[in-house]
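Colleague: Please find one structure pasted underneath; my questions will follow.
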Protein chains: 2
Amino acid sequence: MDEIRLIDVRKNILSDNENQAEIIRQNLAVKNVFMLNVMASPGAGKTSLIIQTLRSLKEVLRMAVIEGDIESIVDSEKIQKEGFPAVQIRTGGACHLDAPMVTAALANLDLEAFDLVFIENIGNLICPAEFDTGADLQIMILSVPEGDDKVLKYPLMFTVCDVLIVNKMDYLVDSDFNLEALRRRAHELNPRLQIFEVSCKTGSGLGEWSAWLLDKVKTKLFTADFR
Amino acid sequence: MDEIRLIDVRKNILSDNENQAEIIRQNLAVKNVFMLNVMASPGAGKTSLIIQTLRSLKEVLRMAVIEGDIESIVDSEKIQKEGFPAVQIRTGGACHLDAPMVTAALANLDLEAFDLVFIENIGNLICPAEFDTGADLQIMILSVPEGDDKVLKYPLMFTVCDVLIVNKMDYLVDSDFNLEALRRRAHELNPRLQIFEVSCKTGSGLGEWSAWLLDKVKTKLFTADFR
């Protein structure tokens, strides 16, 4: 009676999204632009992290943001208020961004005028992990209140990302979040995952993250004989 | 340069899911079973709320849980530890439960033996809102650390739900979460939405929620001349 019964549902996911993503990557290489795809649950702090990173790097890089949202444009308004250009993709229900949507968004930016473009993906730990957007770097944010067991439940996201940002570290004190367990689980699944611990509220850890990102951006741009 | 450019992406969502959901509802009515669909972001507290509700109502109702997950069975193990039967649906990538999956799960339960079945949907504020599972009541959980602006960003979820549980109220003190703004936005979109404020950690507000749910369950079962 109390045993667990298990039903597996398998789903075919096939698409020419990969090809389109490769075209984006080639185009960005030609134009010497670095693109960053930011993924997370709703409310984990995607917009806050992007804004903090824009502020940190504004003296050294020319930046723009592609905002994905189902309905609203509130995040684009926040980016605009910071003085950076924003292209809003309104998916009208779709739960992730894909390469064709990003292609359409990039067509609205003069790529010669930017070094770094952020994509803020839809708030969702599932489908965004399956769709290559053509970005150079995939990052995910996990916030402390979400719990340390999310690696077990959303393994694909932790597998496809290059960087894990643990946000809302200011909540750690009152919480049973086990940072060591998270690190262990994440690295078992993805040994190359870079982990940063930050608080977008207090600012802790953001300097280290921004410096690391700047180094990555420079490496791409200089390797390509950029300017 | 800093204006917001907008790209709309529309998507056709058509399915015979609705028909299958209606068949489930008729079957549950015949068997005198009430079914509850619990939806939320990852880490908002779905499993915790279900476990607290099982504990509150175990003397008066016979209950079981259908657990949806992409990969793991950790939530089913928690339910089993509480002494209740769990059926695990492993979607293998799909970001929501649909009526055919729930039909398969219900086939693994002796419905004559239960009054109340919980569905714990996949952690996602988007797609689960689009798929009728055949449940009698749709509830969503929003946790305080996620922020009070989620109504604007995930309006469909707030529209299809009967109940909004605001969880992790113990985090409210240190937060800029505006409970009044949330209530106003949610009721503008969905005036019939019942809102409960709880903390699954401290137990606050759970008695009121459980009593309200018990009343709903009894109304359905007695109206149908149950026993």
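The values are calculated or read from the model by the stated rules, or taken from the named source; none is laboratory data. Model, not experiment: these values are computed from the prediction. FYI the Cβ positions are ideal-geometry reconstructions off the backbone, even for glycines, and counts take in every protein chain you see.
Colleague: Which of the numbered conditions does residue A:216 fail, given that it passes all the others? Conditions: (1) exposed (fewer than 15 other Cβ atoms within 10 Å of the Cβ); (2) in a helix (DSSP H, G or I).
Modeller: (1)
Colleague: Identify, by number, the condition in (1) surrounded by 15 or more Cβ atoms within 10 Å (Cβ to Cβ); (2) out of contact with any Cys (no Cβ under 9 Å at 6 or more places or on another chain); (3) farther than 26 Å from residue A:126 by Cα that residue B:181 doesn't meet.
Modeller: (1)
Colleague: Same structure again: Please go through segment B:63-105 and give me each residue that is hydrophobic (A, V, I, L, M, F, W, C), surrounded by fewer than 20 Cβ atoms within 10 Å (Cβ to Cβ) and closer than 23 Å to residue A:155 by Cα, ordered by number.
Modeller: Once the filter is applied, which keeps residues that are hydrophobic (A, V, I, L, M, F, W, C), surrounded by fewer than 20 Cβ atoms within 10 Å (Cβ to Cβ) and closer than 23 Å to residue A:155 by Cα, segment B:63-105 yields B:73, B:74.
Colleague: Kindly indicate whether any position in segment B:74-84 is at negative phi, modelled with pLDDT under 95 and among the small types (Gly, Ala, Ser).
Modeller: Yes, segment B:74-84 contains at least one residue that is at negative phi, modelled with pLDDT under 95 and among the small types (Gly, Ala, Ser).
Colleague: From (1) more than 10 Å from chain B (Cβ to nearest Cβ); (2) surrounded by fewer than 24 Cβ atoms within 10 Å (Cβ to Cβ); (3) outside any helix (DSSP H, G or I); (4) touching a Gly at 6+ places or on another chain (Cβ under 9 Å), pick out the condition that doesn't hold for residue A:60.
Modeller: Unmet condition: (4).
Colleague: Is one or more of the residues making up segment A:155-171 basic (Lys, Arg) and in a helix (DSSP H, G or I)?
Modeller: No, because not a single residue in segment A:155-171 is basic (Lys, Arg) and in a helix (DSSP H, G or I).
Colleague: Hey, among the residues in segment A:174-195 that are within 21 Å of residue A:49 (Cβ to Cβ) and of a type in the set (A, V, I, L, M), which one's nearest to the other protein chains (Cβ to nearest Cβ)?
Modeller: The extreme case among them is A:182.
Colleague: Moving on to the next point. Just to be sure, is residue B:52 under 16 Å from the mean Cα position of the chain (by Cα), under 19 Å from residue B:138 (Cα atoms) and either in a helix (DSSP H, G or I) or within 8 Å of chain A (Cβ to nearest Cβ) (or both)?
Modeller: So residue B:52 passes the test.
Colleague: Does residue A:65 count as over 15 Å from residue A:119 (Cα atoms), at pLDDT 95 or above and either touching a Pro at 6+ places or on another chain (Cβ under 7 Å) or of a type in the set (Val, Ile, Thr) (or both)?
Modeller: no
Colleague: Check residue A:189 against each of (1) of a type in the set (A, V, I, L, M); (2) closer than 17 Å to residue B:43 by Cβ; (3) more than 11 Å from the chain's Cα centre (by Cα) and name the one condition it does not meet.
Modeller: (2)
Colleague: Okay, next question. Looking only at segment A:63-107, count how many residues are hydrophobic (A, V, I, L, M, F, W, C) and facing chain B (nearest Cβ under 8 Å).
Modeller: Adding up the residues that qualify gives 12.
Colleague: Residues to consider are A:162, A:176; find the one that is without any contact (Cβ under 8 Å) to a residue 40 or more places away in the chain and more than 14 Å from the chain's Cα centre (by Cα).
Modeller: Every option except A:176 fails the conditions.
Colleague: Okay, moving on. Considering only segment A:131-153, state which residues are within 11 Å of chain B (Cβ to nearest Cβ) and outside any helix (DSSP H, G or I).
Modeller: Answer for segment A:131-153, where residues must be within 11 Å of chain B (Cβ to nearest Cβ) and outside any helix (DSSP H, G or I): A:142, A:143, A:147, A:148, A:149.
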